[in-house]
Amino acid sequence: MTSSILAANNAPLLDVRDLHVDFVNGRTVTNAVRGVSFQLGREKLAIVGESGSGKSTVGRALMRLHPAKARITAERMHFDDIDLRNVSEAQMRTVRGKRISMIMQDPKYSLNPVVCVGDQIAEAWLTHHPGRKAEAKAKVLEMLDVVRIRQPERVYSLYPHEISGGQGQRIMIAMMLITDPELVIADEPTSALDVSVRLQVLGLLDDLVASRGLGLIFISHD
Ligand SMILES: Nc1ncnc2c1ncn2[C@@H]1O[C@H](COP(=O)(O)OP(=O)(O)O)[C@@H](O)[C@H]1O
Ligand SMILES: [Mg+2]
């Protein structure tokens, strides 16, 4: 992927300059990302490119979720005042899921099939607010309402196989937003959905970015 991305107009939350990601496999090196630069404030940024062009690799590099064989270099790679190039895993655990969240493509593979969806959203919050179980459920119900799930009390106790794809993606969005992140990376969040549901979820994300003052990186192949 080469850089083709727009710039911020307020204090940058993310500042990435000349990001390269190579996958090293024995003597074979794949240059998955070649010199991507962008700045992002509390605004939307789209990364668009064909399949295999390195979009997810950029997202994972920002979350420090890349495989060990990935080699990452950048002239600058800052989230707020954190240098993502040499952040410790301990510090990254306070950032990942809390200050930066990533919404993946298909909720089917991201939700645990044997835990009701409400408890899974609660878990995301409890990870960063340990021991506050009593508050967690109220937070989840509030969040289900934010992502426009009707009958939140009922949906809370449903299992992943009992909900539709659109509901599943709303659940994922609720899970990603419940920690009040500053930046959300949405990696093709609607490509597993029907067209009509896709538009609803896109509208929802758009509203949430505006109303909560989030930065959003939206990844899409179309
Ligand atoms: N874990 C990995 N090991 C080796 N190569 C990878 C790995 N992940 C991605 N790649 C390669 O990096 C390139 C970009 O992949 P990816 O970021 O998933 O593209 P996109 O999200 O744009 O479809 C592809 O050529 C892919 O094969
Ligand atoms: Mg991808």
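The values are calculated or read from the model by the stated rules, or taken from the named source; none is laboratory data. Note that the structure is a prediction, hence the values are computed from the model and not measured. Note that each Cβ is placed from the backbone with ideal geometry, even for glycine, and that neighbours are counted across all protein chains shown. With ligands, DNA and RNA removed, areas are computed over all heavy atoms of the protein, side chains included. Shrake-Rupley method; radii C 1.70, N 1.55, O 1.52, S 1.80 Å.
Here are the numbers:
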quantity: Average projected area [Cα convex hull, region 97-222], square nanometres; calculated: 7.1
quantity: Spatial extent of the chain: Rg and Dmax, with the Cα atoms as the point set, Å; calculated: 17.6, 55
quantity: The chain: antiparallel DSSP beta bridges as a percent of all, rounded to 5; calculated: 55
quantity: S211-A134 pseudo-label distance in nm [points 7 Å out on the Cα-to-Cβ vector]; calculated: 2.8
quantity: Rg(Cα) / (2.2 N^0.38 Å) computed for region 1-92, rounded to two decimals; calculated: 1.07
quantity: Accessible surface of K108 - all protein chains present, 1.4 Å probe, nearest 10 Å²; calculated: 150
quantity: Environment charge of Q105, counting only residues whose C-beta is closer than 15 Å and scoring Lys/Arg +1, Asp/Glu -1; calculated: 0
quantity: Between region 14-36 and region 86-112, the Cα center-to-center distance that results, in Å; calculated: 21
quantity: Expected 222 nm ellipticity per residue - DSSP helices of 4 or more, -39500 (n - 2.57), all of the chain, to 500; calculated: -11000 deg cm²/dmol
quantity: Karplus (6.51, -1.76, 1.60) ³J(HN,Hα), θ = phi - 60°, over region 150-157, in Hz, Gly and Pro reported as x; calculated: 7, 6, x, 4, 6, 5, 3, 8
quantity: Spatial separation of Cα centroids for region 41-79 and region 163-213, in angstrom; calculated: 19
quantity: Exceeding the 23 Å Cα-Cα cut-off - candidates K98/K137; K44/K98; K69/K98; calculated: K69/K98
quantity: Under 5 Å, built H, 5+ apart or other chain: amide partners of K44; calculated: L216
